[in-house]
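Chemist: So that we are looking at the same thing, I have put the structure below in structure tokens.
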Amino acid sequence: MLLDLSIKQLSEGLKNKRFSSLDLVNECYESIDKLNPEINAFITLLDKGEVIKKAKEADKKTKDNILQGIPFVIKDPFSTKGIRTTAGSNVLGNYIPQYNSTVYQKIIDAGAILIGKTNMDAWGHGASTENTDFNPTKNPWDLTRVAGGSSGGNAAAITARMAAFAIGEDTGGSIRNPSGWCNITGLKVTYGRVSRYGVISYVSSFDTMGPMAKNAEDCAIILKQIAGYDNKDATSYNGIVPDYVSLLDKNIQGKKFRPKSVKRVVDEIAYMLKAGFKEINFLDDTFSTDLNRAKLICEEIIRRGLKFPWHPLNGMRVDRVDSELFSLMKESGCYKVSFGIESGNQEILDRINKGIKLEQVIRAVKLAKKEGFETFGYFMLGLPGETESTMKETVRFAKKLKLDMAKFNITIPLPGTEIFKEWDEKGCIKTKDWAKYNFYAPYEAIYEHPTVPHSILNKSYRNAYLAFYFDPSFLLRRFFGGIKRGVLLRDIKLFFKTSWFN
Amino acid sequence: MKKITLSKDDVLHIAKLAKLNISDKLIDKYQHQMTDIVGFVSELTELKTEGVPPTSQVTGLVNVFRDDIVTTSMSQEEVLANAPKKHHGFFLTDAVFK
């Protein structure tokens, strides 16, 4: 249905005349007729004829605001001139405001179309829209459950496709709670960010007015429209309103390292072993970021007498290992370690700020082999500045390390990273359709490499595997290792199953 | 702050202030419920607040004034629109004093 689209998508559709404002409004009424008798999201529905008239007028105008022509609902403490405003209470059952609340005025100035005033806990006193004088609002997902509150009517209306967005009010969770319980997105703004003028108050020093819609981008769009200083509200903040929409692609990755406690990790391991799992692998990236913690985990596993094979699935950093750690890992059951090596060329490594030296790699792998671990190396091909010869260097380095296994991946620049930014600025990024950014997706569709053509990259990728796995010393190592570990037959089978020459 | 408990006298006192008549058998029930609710607030003391400055507002606004100039507001008609009773352009209410 059209009302499953976001505000941005609806706005584009209206602009390109794929559908009209009238279509949207008709869809709202379809949903209302069908579902509102049970859901009861509204206290007051506007006259349908008037609304349709407004929709038709909107369709005739040129589109100059993203909210223009889009149907919305507003919670009932907001004063709407000429339209009954009750704040959910019979005390105001006949009250018709003679002026508009600032927020409402801003939204209709943008050209959005009001469908109705929505149900709420009376005066905002509630968190479930049950404490209303106009019968509770039910949760559209399960009519035996509440919609949350006090902006329950809003949340239910958006969920049930009776409107594209809503304006709510949050004092102690009244936007957040129903948004969560009805599976939409709502935002409680900082006090003072949005004008309270014309909104029947609940707690004057807490009340905030905010957007409710289907996603964060929609909320940003609405907030940009309603935020800002209002001289009619003495608590209104007189400062710059950020351009929320352009800030949406900010990286949300923080810099805090918050690991589970040693006790918690080993408790979970014990639980899984008790449940019958035979092998457990650690997905930390990376296991020994905190070297001491890694050692303590191994010690705790040993102390509790837990016996099971494990290995850290993600590569470890070669500068975060020492012989003490390896010995503890071995004793606690670890049988394999993998290293994030990336490249055999120091310049390339420095360029991506890997922070390791080739000597450290050699040392780490030696230590691991001494302890008797299977060793695995992760490498990347197509790093910034890479050429055919640097990639050959990487493969030679991999062979020199005498690893038991190696994996060569073609670089995929991920949004939010330095590489992505650098290549985007160079014009190398071909698409920002994030659905195409998968681990094993064809990289050719995503970017043009600045220093190495696709054909060379593909050739180097294939040759890396052939050079490493058909290296005679590797084959011998693998053969005897297979005998020693009793997996020779399995290895031979897998060797023939692999498509080497794709 | 030790956990607050309400006595039966407390309950009766509050009922009197709220002008509610409660029967004897309900005093017990309300005493427990009210103790639970009020006592719940004392859970706040479990929060670690060392180094956190007391915050009562975030906008930094103090004494927001505007110039004392008369501007257009609403018409008399609009202002009186919701009055249940009007008289010659005034709000009409019941007499407070005889």
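Chemist: Out of (1) within 14 Å of another protein chain (Cβ to nearest Cβ); (2) within 26 Å of the chain's Cα centre (by Cα), the odd one out for B:PHE40 is which?
Modeler: In the conditions (1) within 14 Å of another protein chain (Cβ to nearest Cβ); (2) within 26 Å of the chain's Cα centre (by Cα), B:PHE40 misses (1) alone.
Chemist: In this structure, does A:ASP33 turn out to be touching a residue at least 60 places away in the same chain (Cβ under 8 Å), loosely packed, with under 15 Cβ neighbours inside 10 Å and out of contact with any helix residue (DSSP H, G or I) (no Cβ under 7 Å at 6 or more places or on another chain)?
Modeler: no
Chemist: Consider A:THR390 carefully, then state whether it is free of Cβ contacts under 8 Å to residues at least 40 places away in the same chain, over 23 Å from A:SER499 (Cα atoms) and of a type outside the set (Asp, Glu). Break it down into steps so the answer makes sense when it comes.
Modeler: Numbers: free of Cβ contacts under 8 Å to residues at least 40 places away in the same chain: no; over 23 Å from A:SER499 (Cα atoms): yes; of a type outside the set (Asp, Glu): yes.
The answer is no for A:THR390.
Chemist: Another question about this same structure. Across the stretch A:79-96, what is the total count of residues that are over 12 Å from A:MET120 (Cα atoms), part of a loop (DSSP other than H, G, I, E, B) and either touching a residue at least 60 places away in the same chain (Cβ under 8 Å) or within 11 Å of another protein chain (Cβ to nearest Cβ) (or both)?
Modeler: 7
Chemist: Another question, if that's okay. When residues of the stretch A:116-149 are filtered for being β-branched (Val, Ile, Thr) and crowded, with 24+ Cβ neighbours inside 10 Å, how many remain?
Modeler: So the first thing to find is which residues in the stretch A:116-149 are β-branched (Val, Ile, Thr), and the list is A:118, A:129, A:132, A:137, A:144, A:146.
Adding the requirement that they be crowded, with 24+ Cβ neighbours inside 10 Å leaves A:118, A:129, A:132, A:137.
So the count comes out to 4.
Chemist: Taking only the stretch A:400-432 into account, find how many residues are open to solvent by less than 70 Å² (accessible area, probe 1.4 Å) and either acidic (Asp, Glu) or more than 15 Å from A:GLU444 (Cβ to Cβ) (or both). Quick ask: steps written out before the conclusion?
Modeler: Our first condition is that a residue be open to solvent by less than 70 Å² (accessible area, probe 1.4 Å); within the stretch A:400-432, this holds for A:401, A:403-413, A:415-417, A:419-420, A:422-424, A:427-429, A:431.
Next, from what is left, pick out any that are either acidic (Asp, Glu) or more than 15 Å from A:GLU444 (Cβ to Cβ) (or both): A:401, A:403-408, A:415-417, A:419-420, A:422, A:424, A:427.
Number satisfying all stated conditions: 15.
Chemist: Tally up the residues in the stretch A:174-187 that are open to solvent by less than 10 Å² (accessible area, probe 1.4 Å) and either in a helix (DSSP H, G or I) or not hydroxyl-bearing (Ser, Thr, Tyr) (or both), please. Can you show your working first?
Modeler: Of the residues in the stretch A:174-187, the ones open to solvent by less than 10 Å² (accessible area, probe 1.4 Å) are A:174-175, A:178-179, A:182.
When the remaining residues are screened for being either in a helix (DSSP H, G or I) or not hydroxyl-bearing (Ser, Thr, Tyr) (or both), the result is A:175, A:178-179, A:182.
Total satisfying the criteria: 4.
Chemist: Within the stretch B:57-74, take every residue that is over 25 Å from the mean Cα position of the chain (by Cα) and of a type outside the set (S, T, N, Q) and give me the one that is nearest to A:TYR191 (Cα to Cα). Break it down stepwise before answering.
Modeler: Residues of the stretch B:57-74 that are over 25 Å from the mean Cα position of the chain (by Cα), as a first pass: B:65-74.
With the extra rule that they be of a type outside the set (S, T, N, Q), the set shrinks to B:65-70, B:74.
Values: B:PHE65: 19, B:ARG66: 21, B:ASP67: 24, B:ASP68: 26, B:ILE69: 28, B:VAL70: 29, B:MET74: 28 Å.
It comes out as B:PHE65.
Chemist: A further question follows. Check B:ASN82, B:ASN63 and return the single one that is within 14 Å of another protein chain (Cβ to nearest Cβ), polar (S, T, N, Q), closer than 30 Å to A:PRO97 by Cα and surrounded by 11 or more Cβ atoms within 10 Å (Cβ to Cβ).
Modeler: Numbers: B:ASN63 fails: surrounded by 11 or more Cβ atoms within 10 Å (Cβ to Cβ).
Exactly one of B:ASN82, B:ASN63 is within 14 Å of another protein chain (Cβ to nearest Cβ), polar (S, T, N, Q), closer than 30 Å to A:PRO97 by Cα and surrounded by 11 or more Cβ atoms within 10 Å (Cβ to Cβ), namely B:ASN82.
Chemist: Does the stretch A:188-220 hold any residues that are among the basic types (Lys, Arg) and open to solvent by less than 50 Å² (accessible area, probe 1.4 Å), and which are they?
Modeler: Within the stretch A:188-220, A:ARG193, A:ARG196 qualify.
Chemist: Same structure again: Suppose we keep only residues that are in contact (Cβ under 8 Å) with a residue 24 or more places away in the chain and part of a helix (DSSP H, G or I) within the stretch A:56-78. Which one would you say is surrounded by the fewest Cβ atoms within 10 Å (Cβ to Cβ)?
Modeler: Only one residue tops the list, namely A:LYS56.
Chemist: So, one more: Quick one: count up the residues across the stretch A:297-315 that are surrounded by 18 or more Cβ atoms within 10 Å (Cβ to Cβ), in a helix (DSSP H, G or I) and out of contact with any Leu (no Cβ under 8 Å at 6 or more places or on another chain).
Modeler: Number satisfying all stated conditions: 3.
Chemist: Condition check: within 11 Å of chain A (Cβ to nearest Cβ), of a type in the set (Gly, Ala, Ser) and either without any contact (Cβ under 8 Å) to a residue 12 or more places away in the chain or farther than 30 Å from A:VAL194 by Cβ (or both). Does B:ALA15 satisfy that? I'd like the intermediate steps shown before the answer.
Modeler: On the way: within 11 Å of chain A (Cβ to nearest Cβ): no; of a type in the set (Gly, Ala, Ser): yes; either without any contact (Cβ under 8 Å) to a residue 12 or more places away in the chain or farther than 30 Å from A:VAL194 by Cβ (or both): yes.
Taking the combined requirement at face value, the residue does not satisfy it.
The values are calculated or read from the model by the stated rules, or taken from the named source; none is laboratory data. Not measured: the values here are computed from a predicted model. Cβ sites come from the backbone with ideal geometry, for glycine too, and all protein chains shown count toward neighbours. Just the protein is used for accessible areas: all its heavy atoms, side chains included, with ligands, DNA and RNA removed. Shrake-Rupley method; radii C 1.70, N 1.55, O 1.52, S 1.80 Å.
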